[in-house]
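> Quick one: the structure is below, questions incoming.
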Amino acid sequence: MAGQLIVSVSGISDRTLADVEEFSTALDSRSVPLSLFVAPRLKHGYRLESDPGTVDWLKTRRSAGASVVLHGFDAAATKKRRGEFATLPAHEANLRLMGADRVLEHVGLRTRLFAAPGWAASPGTVAALPRNGFRMLADLHGITDLVAGSSTRARVLGIGEGFVSEPWWCRTLVLSAERAARRGGTVRLAVTARQLRKVGPRQAMLDAIDLALMHGCAPTVYRWGSEAPAASAA
């Protein structure tokens, strides 16, 4: 049985948009849609609502079949080596989710999908997500339907954001993706935008994608339920 292929990019901003655009074009030629991980605030003072160029690009991509996934609220306020939602109690997670949701709604990118920075969501965060209308959670080990309470187990293979980018890991990622695809599993590939300007990590992602497609994996995006991977699903 053939599996699925999900490719995501995080850290999208005006500083990284050119690299993400180039990667998106490479995936367009393979008919592979992207899951775009978006955060209202990033380090070095970045604010999504002050970046209309990136917002417009994200909207265009979503209307063409990409999905938008909330990926935290304020990376600048997060302690080093700890994911923003990794240890939060429900009350604090609720406040951050509300703040992030308001920003994305304001810029026209509201989503019901969530993936915590560093792929780690505390029990408090998991409890707060459905209270704020979120329907899907993607973490390190799988994808959870927060409405049905069911999960699909599939570990993320990533470069950047908690994953290393050394040549040995890039080779391991490609081999692991091929093994999962050959077994008919869900291949989840993730890369941070700043890694896309590096030849090795970018090529490793493309090689892993090509092998997954060769083994018959169906390209898709993070979504909730049976909705189509378009604006309504994100």
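The values are calculated or read from the model by the stated rules, or taken from the named source; none is laboratory data. Bear in mind that the values here come from a model prediction, so they are computed numbers and not experimental data. Note that we place each Cβ from the backbone using ideal geometry, even for glycine, and neighbour counts take in every protein chain shown. Please note that ligands, DNA and RNA were not included when accessible areas were found on the heavy atoms of the full protein model with its side chains. Shrake-Rupley method; radii C 1.70, N 1.55, O 1.52, S 1.80 Å.
> List the trypsin sites (Lys or Arg not before Pro) within the range 9-75 that fall in a DSSP loop (any state other than H, G, I, E or B) and whose Cβ has at most 16 other Cβ atoms within 10 Å.
Sparse-neighbourhood loop trypsin sites (Lys or Arg not before Pro): Arg15, Arg30, Lys43.
> Counting only residues 5 or more places away or on other chains, whose amide H sits under 5 Å from the amide H of Ala190 once H atoms are built in the peptide plane?
Sorted by chain and number, the residues that satisfy this are Ser8, Leu157, Gly158, Ile159.
> If the chain between Thr172 and Ala127 were fully stretched, how many nm would it gain, using 0.36 nm times the residue separation less the Cα-Cα distance?
The span from Thr172 to Ala127 would gain 12.8 nm if fully extended.
> Just flag the trypsin sites (Lys or Arg not before Pro) in the range 131-185 sitting in loop per DSSP whose Cβ has no more than 14 other Cβ atoms within 10 Å.
Passing both the DSSP loop test and the Cβ count: Arg183.
> Also, I was wondering about something else. Give me the percent of the accessible area of the chain that comes from carbon and sulfur atoms, probe 1.4 Å, all protein chains in place.
Within the chain, the accessible surface is 52 percent carbon and sulfur.
> Next up: From the backbone phi of the range 82-88, what are the Karplus-calculated ³J(HN,Hα) couplings (6.51 cos²θ - 1.76 cosθ + 1.60, θ = phi - 60°) in whole Hz, Gly and Pro given as x?
After applying 6.51 cos²θ - 1.76 cosθ + 1.60, I find 9, x, 4, 10, 5, 10, 5 Hz.
> Find how much the distance from Asp28 to Asp56 grows on full extension, using 0.36 nm per residue of separation minus their present alpha carbon separation; answer in nm with one decimal. The partial results should precede the final answer.
Numbers: separation 28, 0.36 × 28 = 10.08 nm, distance 1.82 nm.
Computed gain between Asp28 and Asp56 is 8.3 nm.
> If you plug each phi of the range 53-66 into the Karplus form 6.51 cos²θ - 1.76 cosθ + 1.60 with θ = phi - 60°, what whole-Hz ³J(HN,Hα) values come out, in order, with x for Gly and Pro?
Per-residue couplings from phi come out as x, 5, 4, 5, 5, 4, 4, 4, 5, 5, 5, 8, x, 6 Hz.
> Could you give the alpha-carbon Rg of the chain over 2.2 N^0.38 Å, rounded to two decimals?
Expressed relative to 2.2 N^0.38 Å, the Cα Rg reads 0.93.
> Now a separate question. If Rh is defined by the Kirkwood formula over all Cα pairs and Rg also comes from Cα, what ratio Rg/Rh do you get for the range 1-137?
That ratio is 0.97, to two decimals.
> Keeping all protein chains in place and using 1.4 angstrom, which order do Met98, Met205 fall into by accessible surface area, from largest down?
Reading off the accessible areas and sorting them downward yields Met98, Met205.
> Mean residue ellipticity at 222 nm from the helices of the chain, using -39,500 (n - 2.57) per DSSP H segment of n ≥ 4 over the full residue count, to the nearest 500 deg cm²/dmol?
-11000 deg cm²/dmol
> Calculate, axis by axis, the spread of Cα positions in the range 11-71 along the three principal axes, and write the results as whole Å, longest axis first.
Dimensions of the range 11-71 along the principal axes of its Cα atoms: 35, 19, 18 Å.
> Let me ask another. What whole-number distance in Å separates the alpha-carbon centres of the range 118-167 and the range 172-206?
Distance between centres, Cα-based: 18 Å.
> Extending each Cα 7 Å along its Cβ direction at Arg15 and Val164, get the distance between those two points in nm, one decimal.
Output for this residue pair reads 2.5 nm.
> Which value, in Å², gives the accessible area per residue of the chain when a 1.4 Å probe is used on the protein heavy atoms?
Heavy-atom SASA per residue in the chain reads 46 Å².
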